[in-house]
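Derivation of every value follows stated rules applied to the coordinates shown; laboratory data play no part. Remember, predicted model here, so these are calculated numbers, not experimental data. Here the Cβ positions follow ideal geometry from the backbone for every residue, glycine too, while neighbour counts run over all protein chains shown.
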Amino acid sequence: MRIFVAGGAGYIGSCCTEYLLEHGHQVTVYDALLNGHRQAVDPRADFILGDLADLSSLEDAIKRSRPDGVIHFAAFIEVGESMLDPLKYFRNNVSNAINLCQAAVSAGVRKLVFSSTAAVYGMPKVIPITETAETVPINPYGEAKLMFEKVLGWQHQLSGLQYTALRYFNAAGASEKFGEDHHPETHLIPLVLQAAEGRRKKISIYGDDYDTPDGTCIRDYVHVLDLAQAHLLALESDFCGSLNLGSGTGYSVKQVIDTVRTVTGKDFPVETAPRRPGDPPRLIADASAARRILGWQPQYDDLSAIIASAWRWRQQHPQGYQD
């Protein structure tokens, strides 16, 4: 297939682009490099520097690349920032996403795969979380993702566009070539790895009195290449709708810290800090629908393997992408 990847210079987009190329597909990456890295674009892919806000240039890029499918990764992802600047998130994660959808439809693209999020569920009442759970986001980031899912639903109903919205839980790990390098970094595993490297003085655990076995929050981590596999399967599938992507296994903050210590052989200070508002005690996916419908078979269902891949990449790229 010819595949147009919006946001292919970002963390998940770069790993997915590599995966698609390894499986024999032609890829065009379209990215404004606002948060992504030019060095993260696989050299085998065609690269177009462009902003989703520029509808004319976007339409021209899609028409020229003549894709069989579009994958949309180009979103802002910081929950805390979305609470401080909601309009930034609605403008990019909804308005600019609509531009991408419009350009794809105008070019006759039959399938769009959307990088969505478990944040659409808000504070879930039942664990593990299925796709039938109530969607009540508690921040503009999750709300914006859910809004675009609804846009895609209406576009499918009224024009026949096929789409799959993949609701990730916690993406983690690295491929052979590409890894996680956010500025600032807010995700737990890379933060703990920075502490193991000596680049961070300590790790803070925000609350150790939750109703969990060790008192710390439990999250579901899924390897970035398993996410990439799901995107390709979604492009190849006729399924239309939303699917969860997660391991179905939960690990606590303390378990992540202990696993990093084991994998790296490094120790570092850890402190307990007050809870952060809005942190659910547990977030674990029921991803059985993706396994059944797409034939998704995660290859890295183990926290040690996920962390080891991220550690290897950090050792090879101690300064990240050095932008």
Debye log10 I(q)/I(0) at q = 0.13, 0.14, 0.19, 0.22 Å⁻¹ for segment 2-111, Cα point scatterers: -0.44, -0.51, -0.91, -1.17
Relative contact order (%) - the chain, alpha-carbon pairs under 8 angstrom, separation at least six: 19
Rg/Rh (Cα only; Kirkwood hydrodynamic radius) as it applies to segment 61-114: 1.08
Amide H partners (placed H, <5 Å) of residue 29, local residues excluded: 5, 46, 47, 48
Separation between Cα centres of segment 194-227 and segment 130-146, rounded to whole Å: 22
Net length gained if the chain between residue 136 and residue 304 were fully extended (0.36 nm per residue, minus Cα distance): 57.2 nm
For segment 190-204, 3J(HN,Hα) per residue [Karplus equation, 6.51 cos²θ - 1.76 cosθ + 1.60, θ = phi - 60°, Hz, x = Gly/Pro]: x, 5, 5, 5, 4, 5, 5, 7, x, 8, 10, 5, 7, 10, 9
Pairwise FRET efficiency - residue 64 versus residue 22, Cβ, R0 = 22 Å, nearest 0.05: 0.35
Normalised alpha carbon radius of gyration of segment 110-167 [divisor 2.2 N^0.38 Å]: 1.17
Nonlocal amide H pairs with residue 200, under 5 Å, H built at 1.01 Å: 195
Residue-by-residue Karplus 3J(HN,Hα) for segment 306-314, coefficients 6.51, -1.76, 1.60, Hz, glycine and proline x: 4, 5, 4, 5, 5, 5, 4, 5, 5
Simple spin-label estimate for residue 39 and residue 182 in nanometres, 7 Å along Cα-Cβ: 2.0
Most fluctuating residue given options 11, 210, 221, as computed from a GNM of the chain linking Cα atoms under 10 Å: 210
Potential extension, residue 279-residue 154 segment - 0.36 nm per residue separation minus Cα distance: 41.8 nm
Separation of the residue 85 and residue 125 label points, Cα + 7 Å toward Cβ, nm: 3.6
Inter-site label distance for residue 293 and residue 57 at 7 Å from Cα along Cβ, in nm: 3.5
D_trans [Stokes-Einstein, Kirkwood Rh over alpha-carbon pairs] for the chain, 4 °C, 1.567 mPa s, µm² s⁻¹: 65
Contact order relative to length of segment 71-135, as percent, for alpha carbon pairs under 8 angstrom and 6 or more apart: 36
Segment 119-237: radius of gyration over Cα atoms, expressed as a fraction of 2.2 N^0.38 Å: 1.29
